[in-house]
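Read through the structure below, which is laid out as structure tokens, and then see the notes.
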Amino acid sequence: MSATIIDGKAFAARLREKVAHHVARLSDGHGITPGLAVVLVGEDPASQVYVRNKGRQTKEAGMLSVEHRLAETATQAELLGLIGALNDDPAIHGILVQLPLPGHIDTDLVINAISPAKDVDGFHISNVGLLGTGQKSMVPCTPLGCLMMLRDHHGSLAGMEAVVVGRSNIVGKPMAQLLLGESCTVTIAHSRTRDLPATVRRADIVVAAVGRPRMIPGEWIRPGATVIDVGINRIAREDGKSRLVGDVDFDSAVEVAGAITPVPGGVGPMTIACLLANTVTACCRANGLPEPEGLTA
Ligand code: NDP
């Protein structure tokens with residue numbers, strides 16, 4: 001048996017179209033343009049690529065894209081000052097501070113300085129609490145993308161056994177909260193889990209968010225399970241170049257799973273698409289307008 005491939009690239013393209021449609025309606029019907037500000041501190045090459053891609057896709061969706069680049073040596077006070085100004089700027093509906101921040105800056109302090117209503121990454125402690133208590137919040141983009149693909153594939157997830165491998169604040173924990181919200185029976189596994197293969201084997205849904213190349217082999221996957229691979233790991237190829245692989249060993253897992261996301265082309269493209277969706281949601285909430293269907297959890 002070979003699994004259905006869940007095409008995150010195509011799904012993300014459809015989501016971006018939906019976002020662009022709502023942006024056009026906001027503009028035509030209300031004279032409002034959703035605005036996203038991205039703040040980058042320092043010169044990290046990977047972060048620069050992410051920020052560039054976010055800016056490009058934001059503009060392509062018809063939204064206002066604002067980039068603020070601060071030097072590696074920028075002080076915490078400077079960054080907090082900028083966030084304060086963006087919080088007060090009515091043209092900006094979403095603020096994203098690109099992580100990681102340089103070591104001399106307190107990341108939690110900075111994230112919690114963002115207005116929760118503009119926290120389109122969903123990392124502010126208020127949004128974490130709202131999600132945890134099942135209230136309306138801004139949902140972190142990567143888990144939101146995973147949930148959208150799962151819902152699209154399965155319809156209802158109620159009663160399913162879900163195992164999330166990884167307990168980070170940005171992926172594992174919010175993913176588990178979302179699956180709990182869908183009435184899954186949720187297990188969160190991590191580096192201290194005693195018998196990871198047996199734990200994963202119980203799952204109807206496996207979400208792998210570990211950061212270890214091809215750590216989960218097909219033999220751990222229950223036949224017919226749905227596998228969402230969040231991992232992005234760069235490994236060396238024989239020809240000296242590099243390539244991306246997930247946390248799941250795709251070649252063996254695809255033979256056992258019922259459905260699986262590839263890497264690249266699975267979860268990755270959904271993350272920015274969900275960032276755009278969150279910005280539109282934030283814009284609608286800020287203006288007291290009904291939230292578009294299908295853009296949030
Ligand atoms: P973190 O490093 O913050 O968390 C990794 C988690 O994996 C931890 O909870 C850790 O457990 C757990 N873990 C590590 N080793 C093992 C092991 N041997 N067995 C079981 N669990 C283990 O990573 P992130 O959550 O930030 O990211 C995870 C992956 O997802 C990375 O590859 C990252 O690049 C990718 N990613 C992809 C995104 C996308 O857009 N597609 C967005 C964000 C991340 P413990 O807590 O016990 O240490």
> Which whole-angstrom value gives the distance between the alpha carbon centres of the stretch 68-140 and the stretch 211-227?
Replying inline: 34 Å
> How large, in percent, is the carbon and sulfur part of the accessible surface of the stretch 31-117 at a probe radius of 1.4 Å?
Replying inline: 56 percent
> Which loop trypsin sites (Lys or Arg not before Pro) in the stretch 41-133, with loop taken from DSSP, have no more than 16 other Cβ atoms within 10 angstrom of their Cβ?
Replying inline: none
>> At 1.4 Å probe size, put Glu67, Glu182, Glu255 in order of accessible surface, largest to smallest.
In response: Glu255, Glu67, Glu182
> Counting only pairs 8 or more places apart or on different chains, how many lysine pairs in the chain have C-alpha atoms closer than 20 Å?
Replying inline: 9
> For helix 172-181, what angle does its Cα long axis make with the longest principal axis of the chain, in degrees from 0 to 90 and rounded to 10?
Replying inline: 80 degrees
> Put +1 on the Cβ of every Lys and Arg and -1 on every Asp and Glu Cβ in the stretch 34-112; which of Leu70, His104, Pro90 then has its Cα farthest towards the positive end of the dipole?
Replying inline: Pro90
>> With a 1.4 Å probe and all protein chains left in place, how much accessible area per residue does the chain have, in Å²?
In response: 45 Å²
>> Between 0 and 90 degrees, rounded to the nearest ten: what's the tilt of helix 141-154 against the longest Cα principal axis of the chain?
In response: 50 degrees
> How far, in degrees from 0 to 90, does helix 8-30 lean away from the longest principal axis of the Cα atoms of the chain, to the nearest 10?
Replying inline: 30 degrees
> What Cys residues in the chain are without a partner cysteine, judged by a Cβ distance under 4.7 Å?
Replying inline: Cys146, Cys184, Cys283, Cys284
> Sorted by mean Cβ packing within 10 Å, highest first, what order do the peptides 80-87, 260-267, 28-35 take?
Replying inline: 260-267, 80-87, 28-35
> Just from its helices, what would the mean residue ellipticity at 222 nm be for the chain, if runs of 4 or more DSSP H residues each count -39500 (n - 2.57) and the sum is divided by every residue, rounded to the nearest 500 deg cm²/dmol?
Replying inline: -12500 deg cm²/dmol
> How large, in percent, is the carbon and sulfur part of the accessible surface of the stretch 194-286 at a probe radius of 1.4 Å?
Replying inline: 49 percent
> Under unit Cβ charges (Lys, Arg +1; Asp, Glu -1), what dipole magnitude, rounded to 20 debye, does the chain have relative to its Cα centre?
Replying inline: 280 debye
> Using the alpha-carbon centroid of each, what span in Å lies between the stretch 27-43 and the stretch 239-287?
Replying inline: 23 Å
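The values are calculated or read from the model by the stated rules, or taken from the named source; none is laboratory data. Computed from a prediction, not measured in an experiment: that's the story for all the values here. For neighbour counting, all protein chains shown are included, and Cβ atoms are generated from backbone atoms with ideal geometry for every residue, glycine included. Ligands, DNA and RNA are stripped out before the accessible areas are found, and what is left, the full protein with its side chains, is counted by its heavy atoms. Shrake-Rupley method; radii C 1.70, N 1.55, O 1.52, S 1.80 Å.
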